[in-house]
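Down below is the structure, laid out as structure tokens.
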Amino acid sequence: QVQLVESGGGLVQAGGSLRLSCAASERTLSTYTMSWFRQAPGKEREFVAAINWIDGHRLDGASVKGRITISRDNAKSTVYLQLNSLTPEDTAVYYCAAKKTSGFFDLRAEVYESWGQGTQVTVSS
């Protein structure tokens, strides 16, 4: 199981930006899809974005499309999530997750085999 450690969360005002990082223990992630999920108080875990490591193909969740960028750094085995134009609705714990890549993007949290501990993003109004 790949180990994942998120960082970069914090308190920001509405309209601000954050860049979250997820460092993976594996030297190579070429067989993995890496994703970000978030969970707000009283809500279910929600898909945010995914990236296939081998080819860089990406998928953004509908709730954040146009405001986020998911990217990767091969040398650092790290995936990033750039969050822009943040609103209080973006307040949540953001989790990094990993699964073996399949032929399609799967937005279900239950198919991911590895999870980080989460990093808190709080957006003030």
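The values are calculated or read from the model by the stated rules, or taken from the named source; none is laboratory data. All values derive from a computational prediction rather than experimental measurement. All Cβ positions, even for glycine, are placed from backbone atoms using ideal geometry, and neighbour counts span all protein chains on display. What goes into the accessible areas is simple: the full protein's heavy atoms, side chains included, and nothing from ligands, DNA or RNA. Shrake-Rupley method; radii C 1.70, N 1.55, O 1.52, S 1.80 Å.
Could you give the dipole magnitude of the stretch 52-119 about its Cα centre, charging the beta-carbon of Lys and Arg +1 and that of Asp and Glu -1, in debye to the nearest 20?
140
So, how do all the Cα-to-Cα distances of the stretch 1-100 break down into 5 Å bins, in percent, from 0 on up?
In order of increasing distance, the bins hold 3, 13, 26, 26, 18, 10, 4, 1 percent.
I'd like the antiparallel share, as a percent to the nearest 5, of DSSP beta bridges with both residues in the chain. Spell out each step's value before the answer.
Details: 38 of 42 bridges.
So the antiparallel bridges amount to about 90 percent of the total.
Sorting check: for 55-64, 111-120, which peptide has the highest mean count of neighbouring beta carbons within 10 Å, and how do the rest follow? Don't skip to the end; give the middle numbers.
Values: 55-64: 14.4, 111-120: 16.3.
For the peptides 55-64, 111-120, the packing ranking is 111-120, 55-64.
Carbon and sulfur atoms: what percent of the 1.4 Å accessible area of the stretch 71-119 do they account for?
Working: 1160 of 2340 Å².
C and S fraction of accessible area: 49 percent.
By how many nm would the segment from Gln3 to Glu26 lengthen if fully extended, with 0.36 nm per residue of separation less the alpha-carbon distance?
Details: separation 23, 0.36 × 23 = 8.28 nm, distance 0.76 nm.
Going from the current span to full extension adds 7.5 nm.
What lysines could a cross-link reach from Lys43, if we take a straight Cα to Cα line under 25 Å and drop same-chain neighbours fewer than 8 places away?
Of all the lysines, those that pass the test against Lys43 - Cα under 25 Å, at least 8 places apart if same chain - are Lys65, Lys99.
Two-decimal Rg/Rh of the stretch 30-80 from alpha-carbon positions, Kirkwood Rh?
Details: Rg = 11.8 Å, Rh = 11.7 Å.
Rg/Rh: 1.01.
Taking the Cα centre of the stretch 6-85 as origin, sum charge times position over the Cβ atoms of Lys and Arg (+1) and Asp and Glu (-1), and report the length of that vector in debye to the nearest 20.
Values: 10 positive and 7 negative charges, 27 e Å.
For this selection, approximately 120 debye.
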